[in-house]
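Chemist: Pasting a structure here, questions to come.
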Amino acid sequence: MALARDTSITAEAWENASARARSSNGGSGPAGVWTLDGDALTAADEDGPATVLVPTEAVRLVAVDLPVAGRAKRLAALPFAIEDMIAEPIESVHLALGAEIAPKRFLVGVVRHDRMAEWIARLEDARLDHAALVPDALALPRPGEGEWAVELGTTRALVRAGDGTGFAVPAPMLRTAWEAAGRPRAIAYGAPLPEDMAAGTGAIAAEPLARRVLNPALDLRQGLYARRRSAVPGFGRRLAMIAGLGLLAHTGIAAADTLMLQRIADRRADDLKTLVATMAPGANLAGEDLAGTIADMLPPAGAGAGGADPFLPVAARISTALAPLGGTVPVKAMTLADGIFTMAIDSTDPALAARINAALREGGVEAKVATAADGIRITAEAA
């Protein structure tokens, strides 16, 4: 099965697309590629179908396994497949399904509804409500497996990873993210990278930006935010969108509150059982009083060599520092051996590793973050 990598665009296809854009967009709005950054909407390439590049900082790009056939079934399964990967309530975010980046594995964009509504309103004001919305990291070529394509600017860096995902970080954080990802081979498409990071320079300057985003791996204009060919004025569409969002919020929250709370409670209980089973493989967790069973397992105050058990304090310090990241940190195991505490994270996402590293520094916790083939590992001295 051929993977859906970035589709190469032939000269003929490009010329036809450009001609269609010039001839057909006159009645609906401008064509070409634009960038949206804060309040600034700037033309970047006057050719090609209307496309607006939005800041990848506001869009989480993840790879999700969806082993079901048909787009409709994948869309139905998507919220359940991704809810453990994000910190926000599932009803507060827009999920956009992108290209198949490996067999049964798809690129997915996650962005808050309020941010999407803000972007659509800006596009309508600029007569660009017919445009595709594409995270700007996806304008970079997809590199080979295990590699990074990097566009380093003065204040921020865009990264496209070999698995088809991408992310954006402040420029000073690029090295931290790169080291946390295991120092992948990095190809520079912007300013030169530091000598020890650079593995080569990519040549995209001669390829028009519009050509690179002609067939993007992900367009956020889906579902509630899909482009509609109608005669309804922009104000009417915006009013309908606001009404739809309000209805979605009220009915969704009212119907989902009880179910969501129960689901969260069940998930926390399952996570706690998994953690206890890891730390105490022989523990009997079959009873109804889970809290009482675990409380009985905790060591008494002052137990252990040299006083109190060092496991709980270091685990509490690290967990507190990571609390702002919420459910984006899927912990699979915590161990203490020879005075070294290790927390294993079930993810190889370099952007997550960078966020974990930043959260630990912000929380004043001295710990090391490393990415291995089986996930992210946090290590700290249990002092």
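Just so you know, all these numbers are worked out from the coordinates, no wet-lab data involved. In this text the structure is predicted, and so the values were computed from the model without any measurement. Methodologically, a virtual Cβ is constructed for each residue, glycine included, from the backbone with ideal geometry; neighbour enumeration extends over all protein chains shown.
Chemist: Return the percentage of antiparallel bridges among DSSP beta bridges fully within segment 141-203, rounded to the nearest 5 %.
Modeler: Working: 10 of 17 bridges.
Percentage antiparallel, nearest 5: 60.
Chemist: Place the peptides 219-225, 47-53 in order of packing, highest mean first, counting for every residue the other Cβ atoms within 10 Å and averaging per peptide.
Modeler: On the way: 219-225: 19.0, 47-53: 22.9.
Highest mean packing first, the order is 47-53, 219-225.
Chemist: Another one. Quick one: what are the phi-derived ³J(HN,Hα) couplings along segment 133-144, Karplus 6.51/-1.76/1.60 with θ = phi - 60°, whole Hz, x for glycine and proline?
Modeler: Ordered by residue, 3J(HN,Hα) equals 10, 10, x, 5, 5, 7, 7, 7, x, 6, x, x Hz.
Chemist: For segment 141-203, go through all pairs of different Cα atoms, get the mean of 1/r, take its inverse, and jot down that Kirkwood value in Å.
Modeler: Numbers: mean 1/r = 0.0892 Å⁻¹.
Evaluated over segment 141-203, this radius sits at 11.2 Å.
Chemist: Sorted by packing (mean other beta-carbon atoms within 10 Å per residue), highest first, where do 311-318, 361-368, 130-137 land?
Modeler: Numbers: 311-318: 16.8, 361-368: 13.6, 130-137: 24.2.
Order by mean packing, descending: 130-137, 311-318, 361-368.
Chemist: Related question: Order of Glu179, Glu195 from fewest to most other C-beta atoms within 10 Å? Don't jump to the answer; show the numbers that get you there.
Modeler: Values: Glu179 17, Glu195 6.
Going from least to most buried by this count: Glu195, Glu179.
Chemist: Ranking Ile356, Ile90 by Cβ neighbours within 10 Å, fewest first, what do you get? Mind dumping the intermediate values first?
Modeler: Working: Ile356 26, Ile90 17.
With the fewest neighbours first, Ile356, Ile90 line up as Ile90, Ile356.
Chemist: Arrange the following residues from fewest to most other Cβ atoms within 10 Å of their Cβ: Met116, Met334. Write out the running numbers ahead of the final one.
Modeler: Values: Met116 24, Met334 18.
Going from sparsest to densest Cβ surroundings: Met334, Met116.
Chemist: With the dipole of segment 36-161 worked out from charges on the C-beta (+1 for Lys and Arg, -1 for Asp and Glu) around the Cα centre, which of Pro135, Ala72, Met116 lies farthest toward the positive end?
Modeler: With unit charges placed on the Cβ atoms, the residue in question is Ala72.
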